[in-house]
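One structure is given here, and the rest of the page talks about it.
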Amino acid sequence: MRLFLYDTLSAGEKALPEGPIKLYVCGVTPYDTTHLGHAFTFVQFDVLVRGMRWLAPRREVTYIQNVTDIDDSILARARKLGVDWRALGDDQVKLYTEDMQALRVAGPRHLVRATSAIPTIQGLIQVLLDRAAAYTANSGSVFFRVRSRPSYGELSRLSRTRMLEIAGQQDDADLDDPRKEDPLDFALWKGWSGREDEPCWDSPWGRGRPGWHIECSALCRQYLGEQLSVHGGGADLIFPHHESEIAQSETALGVRPFAEIWSHVAMVRMDGEKMSKSLGNMVFVRKLLEQFSANAVRVYLLEHHYRQAWEWSPAEMDAAARRASALESAARAPDTTPAETREAFGAALAHDLDTPRALEVLEKASGASARDLGGVLGLEL
Ligand SMILES: [Zn+2]
């Protein structure tokens, strides 16, 4: 059975390519605790990997996820706490990994740090400069020239006005930086500010550190090659992050498409707003797991289709816990699973990872069959 996934770029479903799968998912910036929105994203990609392997057991899947360990928000947070940015990153990566393990997220093959790819990042920037798709500016910074890329905006389908609006809301917004030719241009390399506690690396353009978007283009190149099967992440990364990754990678590497499928997981809301650090409206995974089992939290997350935004609800979390208990009981009973259940379960996953439907089908299974199919959703029944 072939797995079909929705592709953001073509706005339609695409069959997963045959053969080995190269999957890259944008990970966390390690400066704060894992919340339910992160969990929704990484549990969905975990089920995608489990589903791909279950539907085609001999298929090779290489899953890479990054850690943005150098970034304005980490440096600001480290300064506020009076700790070294590396120590803060290490601690937060450890907490994140523990939270994911507690949720039974099998994890990527490699969790890779931006700072592990500095030479690759610099190599890509040099090619972009050589191709006039980037320019150097005062203080050792390098910017991507968005006007060199007429298709910029193809992934997000946003108007220029809307792009400017969103770019202006980013943590490191620099729309009015006078060194830029166009407000939409973004930093590939940020010249060193001279602050002692700000890390920097030598480069042909002066000391500095990489911008956020180029990090992912470089990590994809370094760990997976020039083209990916699936590039994923939260839907809030479509613009500017993924839009910019396409522009950088395709211009520097001269191949298209950079990713065959762009897969985005919708946002979890709380009090009507996206759950986020900046708004402070968060449900922490660690807290939730003090009260509920990993099965209960996973059932709650997987009751929602990955492309549908939804609102945190304590009552629905309770109901999901009861649903998880019923699944556990059924798995302890004799196996009286109807013959068509397996097929229907596979069909649900194969059709754009329809986990709400897969859960409904799972409820018709019992005994060993329930344990087996539950395992594909990461449930331990
Ligand atoms: Zn990324």
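Here, each number is a calculation from the coordinates, and none is a lab measurement. Being a predicted model, the structure only gives us computed values, none of them experimental. With ideal geometry, Cβ positions are generated from the backbone for all residues, glycine too; neighbour counts draw on all protein chains shown.
Taking the charge dipole of the chain about its Cα centre, with +1 at Lys and Arg Cβ atoms and -1 at Asp and Glu Cβ atoms, the residue from Met317, Ser229, Ser141 reaching farthest to the positive side is Ser229. Once you divide the Cα radius of gyration of region 274-323 by 2.2 N^0.38 Å, the number left is 1.15. Simple spin-label estimate for Ser159 and Asp172 gives 3.0 nm between the two label positions (7 Å along the Cα-to-Cβ direction from each Cα). Compared with the dominant principal axis of the Cα atoms in the chain, helix 212-224 is inclined by about 60°.
Please compute the length gained on full extension between Arg256 and Gln126, using 0.36 nm multiplied by the number of residues separating them and subtracting their Cα-Cα distance. Intermediate results must be reported in sequence, preceding the final value.
Values: separation 130, 0.36 × 130 = 46.80 nm, distance 1.96 nm.
Gain in length upon complete extension: 44.8 nm.
Taking the Cα centre of region 86-142 as origin and assigning +1 to Lys and Arg Cβ atoms and -1 to Asp and Glu Cβ atoms, the resulting dipole is close to 140 debye.
For Asn66, the residues 5 or more places off, or on other chains, whose built amide H falls under 5 Å of its own are Val25, Gly27, Val112. Put simply, the amide H of Asn281, placed in the peptide plane, has neighbours under 5 Å in Ser276, leaving out anything fewer than 5 places away on its chain. Computed from point charges on the beta carbon alone (+1 for Lys and Arg, -1 for Asp and Glu), the dipole magnitude for region 256-381 about its Cα centre is near 360 Debye.
Once the chain from Leu289 to Glu226 is taken as fully extended at 0.36 nm per residue, the excess over their C-alpha distance is 18.8 nm. Karplus-based coupling profile of region 360-374, in residue order and whole Hz: 4, 5, 4, 5, 8, 9, 8, x, 4, 5, 5, 5, 5, 5, x, with θ = phi - 60° in 6.51 cos²θ - 1.76 cosθ + 1.60 and x standing for Gly or Pro. Modelled spin labels at Ser10 and Asp91, positioned 7 Å past Cα toward Cβ, are 4.7 nm from each other. A cut-off of 5 Å between modelled amide H atoms, ignoring neighbours fewer than 5 places along the same chain, links Arg207 with Trp192. Zone of Glu60 (label point 7 Å along Cα→Cβ, backbone N under 18 Å): which residues in region 1-33? Backbone N within reach: 17-24. Charged side chains reduced to their Cβ positions (Lys and Arg at +1, Asp and Glu at -1) give the chain a dipole of some 520 debye around its Cα centre. Hydrodynamic estimate: the Kirkwood radius of the chain over Cα pairs, inserted into Stokes-Einstein at 37 °C and 0.692 mPa s, corresponds to D of 150 µm²/s.
Distance from the alpha carbon centroid of region 315-359 to that of region 173-199 works out to 50 angstrom.
Phi-derived couplings, Karplus 6.51 cos²θ - 1.76 cosθ + 1.60 at θ = phi - 60°, listed residue by residue for region 285-299: 4, 4, 5, 4, 6, 6, 9, 10, 6, 4, 4, 4, 5, 5, 4 Hz, with x used for Gly and Pro. Once the Kirkwood radius over Cα pairs is known for region 292-376, the Stokes-Einstein relation at 20 °C and 1.002 mPa s delivers a diffusion coefficient of 164 µm²/s. For a straight C-alpha distance cut-off of 22 angstrom, the lysines reachable from Lys274 (same-chain residues fewer than eight places away being disregarded) are Lys287.
With each label modelled as a point 7 angstrom along the Cα→C-beta vector, the Arg342-Ser193 pair spans 5.9 nm. Where does helix 72-81 land angle-wise versus the long Cα axis of the chain, in degrees 0 to 90, nearest 10? In the chain, helix 72-81 runs at an angle near 80 degrees to the longest axis.
Helical content of the chain, expressed as a calculated mean residue ellipticity at 222 nm, amounts to -13000 deg cm²/dmol (DSSP H runs of 4 or more residues, -39,500 (n - 2.57) each, divided by residue number, nearest 500).
Taking θ as phi - 60° and the Karplus parameters 6.51, -1.76 and 1.60, the scalar couplings of region 48-63 work out to 4, 5, 4, x, 4, 6, 6, 6, 9, x, 8, 6, 8, 10, 10, 10 Hz in sequence order, x denoting glycine and proline.
Restricting to the chain, what percent of DSSP beta bridges are antiparallel, rounded to 5?
Beta bridges within the chain, antiparallel portion: roughly 45 percent.
As a calculated quantity, the FRET efficiency between Lys277 and Arg357 at R0 = 25 Å, using C-beta atoms, amounts to about 0.20.
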